[in-house]
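Just so it is clear, none of the values below were taken in a lab; they were calculated from the coordinates. What you see is a predicted model; the values in this text were computed from it and never measured. In this analysis, Cβ positions are derived from the backbone assuming ideal geometry, glycine residues included, and neighbour counts consider all displayed protein chains.
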Amino acid sequence: MNKNALAISHPHLYGLDEANLVKFESVLLQPEAAKAFSTMRDAAKRQGIDMAICSAYRSFDKQLSIWNAKATGKRPLLDKQHQLLHFESLSSQQIIDSILIWSALPGASRHHWGTDIDVYDPSKISHEALQLVAAEYQANGPCHALYLWLQQHAHKFGFYFPFQQGKSGVSTEEWHLSYFPVASHYTEAFLCKDLFKVFEHAEFELKAPVLARLEELVAHYVKFVVSVPA
């Protein structure tokens, strides 16, 4: 998509501009978040905890491809218990709601910002084997020790878990960290009217029913997140 065709102030909030990001190993991150993660990872290593990023910045087009694949049944839809849903039995609205359990709308993902990362323990599970499901981070899971360490220490480095049970529209994600000092400002600056403009220039599956609910979806899935690190 041509960001220059859009009359919006902050295209980077919608995954349309990478200019404010830096290369960090194999991913792109917001500069302050990259520095903070490096410091946090070193601290964890000194305490016997390995940590790696499996997902960071994601462009609008990449998120669009994920959305379209799920909206057409080419990628599986899972419920909150990670159980497979039967795509053929779902209405358009049910497909939208099902996708949003685990995947964001294109343009509305925190991964567009370079402030948010998915992490795992590479000494306990390979990137290829990782599924990013709760069982991997709960007791007896390969990333459980990492998760416990992050719960205790992540806030010291500016990171926190934005998606928590009853405190966010997005389902709990034990692997998803956000760099609060920057992401909190991005959350406030994100505008539904600008996302609407982005969508006017984009082609994607279920566009009409999404646009009809856009204010509701932004309020629930973008604005409704944990507001302070804990």
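What translational D, rounded to a whole number of µm²/s, comes out for the chain from Stokes-Einstein when the hydrodynamic radius is the Kirkwood one over Cα pairs, at 10 °C and 1.306 mPa s?
The estimated diffusion coefficient comes to 87 µm²/s.
Are any of the pairs Lys74/Lys207; Lys167/Lys223; Lys193/Lys223; Lys124/Lys156; Lys23/Lys62 more than 21 Å apart by Cα-Cα distance, and if so, which?
Violating the 21 Å limit, Cα to Cα: Lys124/Lys156.
What is the angle, in °, between the Cα long axis of helix 144-153 and the longest principal axis of the Cα atoms in the chain? Nearest 10 is fine, range 0 to 90.
It is inclined by approximately 90 degrees.
Using a Förster distance of 30 Å, how high is the FRET efficiency between Ala219 and Asp42, based on the Cβ-Cβ distance and rounded to 0.05?
Efficiency at R0 = 30 Å is approximately 0.20.
Return P(r) of the range 81-197 (all Cα-Cα pairs; 5 Å bins starting at 0; whole %; ordered from short to long distances).
2, 10, 17, 20, 20, 15, 10, 5, 1, 0
Could you work out how much longer the chain between Gln131 and Gln93 gets when fully extended? Use 0.36 nm per residue separation minus the Cα distance between them, nm to one decimal.
Result: 11.1 nm gained on full extension.
Which whole number in µm²/s is D for the range 13-89 by Stokes-Einstein, with the Kirkwood Rh taken over Cα pairs at 4 °C and 1.567 mPa s?
Taking Rh from Cα pairs, D becomes 84 µm²/s.
In the P(r) worked out for the range 44-148, what percent of Cα pairs fall beyond 21 Å?
Of all Cα-Cα distances in the range 44-148, 46 percent exceed 21 Å.
How much length would be gained if the chain were fully extended between Leu84 and Lys207, taking 0.36 nm per residue of separation minus their Cα-Cα distance, in nm to one decimal?
Computed gain between Leu84 and Lys207 is 41.9 nm.
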